[in-house]
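All remarks here apply to the structure that follows.
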Amino acid sequence: MTDFTKPTIEYSYLAPLLVVFAIACLGVLVEAFVPRKHRFLVQASLAIGGVLLTMAATIAVAYKLKEHGDASTGAGARGIVGSMGTVVVDGPSVFLWGLILVFALGGCLLFAERRLEGGVSAFAGQAAALPGTEAERRAAGLDHTEVYPLLLFAVMGMMLFPASGDLITMFVALEVLSLPLYLLCGLARRRRLLSQEAALKYFVLGAFSSGFFLYGVALTYGFAGSMNLGDINEAVRNDASNQTLMLIGLGMLAVGLLFKVGAAPFQAWTPDVYQGAPTAVTAFMSAATKTAAFGAIMRLFYVAFGADRWSWQPMMWVVAILSMLVGAVLAVTQRDVKRMLAYSAIAHTGFLLTGVLGVQSAGELSKGQLTSMQAVLFYLVTYGVSALGAFAVVSLVRDSAGEQSALNRWAGLGKHSPLVAGVFALFLLGLAGIPLTSGFIGKWAVFEVAMSSGAWPVVIVGVISSMIAAYIYVYVIVVMFFRDPEPGVAAYVVHPSVMTSATIAVGAAATLVLGIIPGPVLNLAGVAGQFLR
């Protein structure tokens, strides 16, 4: 007879997850009981306040980890494996939580923008109404305030994803973050059919990739006899008799995770979804989803399969090279700003995977060299702030039909709205990796760690891809400042509220400051340490 073991849950360490989940559930109750005319103010305030409260809880956990590490080892924060091994709260988890919450706060501010649409939000008044029908006309002035609890549920999944201690928890987190995003992508007030098509593509392909991930979970369990990442690591170290099952399971797991970051050859959904989704959703998704998914990728490959790097590194070489080349080359062919930024995101996925190829343990490096973890975490910061700010700027460019992302409509924008065009140019230069911007330091960091591990061919492709992608970034700047608009097709800039303005200003400041003074964030990423096994 097996003795029953009482489960223990470390509530104080899991407080950030519990807080954001509780606020999301409270938002559902608001939809049920608060009159429609008051819901926008209540939901927006609740979401922004909830994210700030979760940030405070995350900071408290960080201090608790530091005190625990100082008391037990004297060497800084280590972490705890909580909830019977299903959730791991360590330095990288807390760093990623904080970063996801920063992007979530920016997403909440962009979701709450109403001035750009004439007093209503960018989301459809009634999602179930067919475009052009009487039901949609009746809902024209309404707000779809369900977007705020959906965002918070997605944030909860994003925070759980990189902190998962076993494969089942990782799968649950993957679905919790994905399902709200599928819905949010189909809620655009303008271009409804394009938005709904984007949501359907994202859902179908996302469900397909989740099936691969779940099949990989089953095969990995068959190999290791456990779904716990630490136990899988022990099986990889000690069991060489069933390598085929392990490799197939690893490949299936990789498909599911690489889909979420938009890596080639699993990137087909990215340009369509980025273009069709409401721009506020695209901004949030481009920064936060990539952060959460890369946290999960590093935890899976470093913790569970870190002892068998020679098996998965060749695959990562190929995926990183493909992602950089496909993203850079196809970005050059785009004449829609949102699609161009989508292909740029694919290229940046390749750059991030280049960092994943580096050496994880500081003990294997010379003093002063960056670890792979440190480089990737810093790159996630630099890319996220630039992408969030860039899409926020895109939401300001309009014509009589609404938001306008066609590049030919942006001609002359630098003459009519030099401040907005200048800020967008700064974001583009940051994405290009031009010196004195955050992107330059980020690329230097991931290229350095890749070189230290011998992945110099990937670095060479990365440099070439950066040069190719720089062309389209510079071309957009030339169109804005040095091209005259065609008669009757020029777009204009709408003055946003303080919420969107604050998001753009913070992103621009971070893009510039991190390119000049990267030390504090690099040090913070270094203090985060390594994943707890």
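No lab work stands behind these numbers, since they all come straight from the coordinates. Remember, it's a predicted structure, so these values are computed and weren't measured experimentally. Using ideal geometry, Cβ is built from the backbone for each residue, glycine included, and neighbour counts are taken over all protein chains shown.
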With only helices counted (DSSP H, runs n ≥ 4, each -39500 (n - 2.57)), the per-residue ellipticity at 222 nm for the chain, to the nearest 500, works out to -22500 deg cm²/dmol
Once phi for every residue in region 203-208 is put through the Karplus expression 6.51 cos²θ - 1.76 cosθ + 1.60 (θ = phi - 60°), the whole-Hz ³J(HN,Hα) values, with Gly and Pro written as x, are 5, 5, 5, x, 5, 4
Between region 481-505 and region 161-198, the alpha-carbon center distance in angstrom | 29
Any residue on another chain or 5+ positions along whose placed amide H is under 5 Å from the amide H of Ala455 is listed here as none
With θ set to phi - 60° and the Karplus curve 6.51 cos²θ - 1.76 cosθ + 1.60, what are the ³J(HN,Hα) couplings of region 251-267 in order, to the nearest whole Hz, using x for Gly and Pro?
-> x, 5, 4, 5, 4, x, 6, 5, 4, 5, 8, x, 7, 6, x, 10, 9
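Taking neighbour counts of Cβ atoms within 10 Å as a proxy for exposure, in what order, fewest first, do Glu146, Glu10, Glu197 appear?
Details: Glu146 20, Glu10 13, Glu197 17.
Fewest-to-most Cβ neighbours within 10 Å comes out as Glu10, Glu197, Glu146.
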Separation between Cα centres of region 1-59 and region 201-243, rounded to whole Å = 30
Could you work out how far helix 167-185 tilts from the main Cα principal axis of the chain, as a 0 to 90 degree angle to the nearest 10?
-> 0
Semi-axes a, b, c in Å (a largest) for the chain, each sqrt of 5 times a Cα gyration tensor eigenvalue, come to 36, 28, 22
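Treating only the Cβ atoms of Lys and Arg (+1) and Asp and Glu (-1) as charged, compute the dipole magnitude of region 15-527 about its Cα centre; round to the nearest 20 debye.
Working: 29 positive and 25 negative charges, 199 e Å.
Dipole magnitude for region 15-527 comes out near 960 debye.
May I ask you to sort Ile460, Ile48 by Cβ crowding, counting other Cβ atoms within 10 Å and putting the fewest first?
Working: Ile460 13, Ile48 18.
With the fewest neighbours first, Ile460, Ile48 line up as Ile460, Ile48.
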What lysines could a cross-link reach from Lys415, if we take a straight Cα to Cα line under 18 Å and drop same-chain neighbours fewer than 8 places away?
-> none
Residues with amide H under 5 Å of Asp166's amide H, sequence separation 5 or more or different chain, H placed in the peptide plane at 1.01 Å from N; which?
-> Leu229
Proximal aspartates and glutamates relative to Lys201, as straight alpha-carbon distance under 17 Å, when same-chain residues fewer than 8 apart are discounted = Glu175, Asp272
With axes computed from alpha carbons, what is the tilt in degrees of helix 309-332 against the longest principal axis of the chain, rounded to the nearest 10 within 0 to 90?
-> 10
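DSSP beta bridges in the chain, what fraction antiparallel, as a percent rounded to 5?
Restricted to the chain, the bridges split so that about 100 percent are antiparallel.
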If contacts are Cα pairs under 8 angstrom and at least 6 residues apart, what is the relative contact order of the chain in percent?
-> 16
A correct fewest-to-most ranking of Ser323, Ser12 by other Cβ atoms within 10 Å would be Ser12, Ser323
Using θ = phi - 60° and the Karplus relation 6.51 cos²θ - 1.76 cosθ + 1.60, list the HN-Hα couplings for region 416-429 in order, rounded to whole Hz, with x at every Gly or Pro.
-> 8, 9, x, 5, 5, 5, x, 5, 5, 4, 4, 4, 5, 5
Angle between the chain longest axis and helix 229-238 axis [Cα atoms, degrees, rounded to 10] = 50
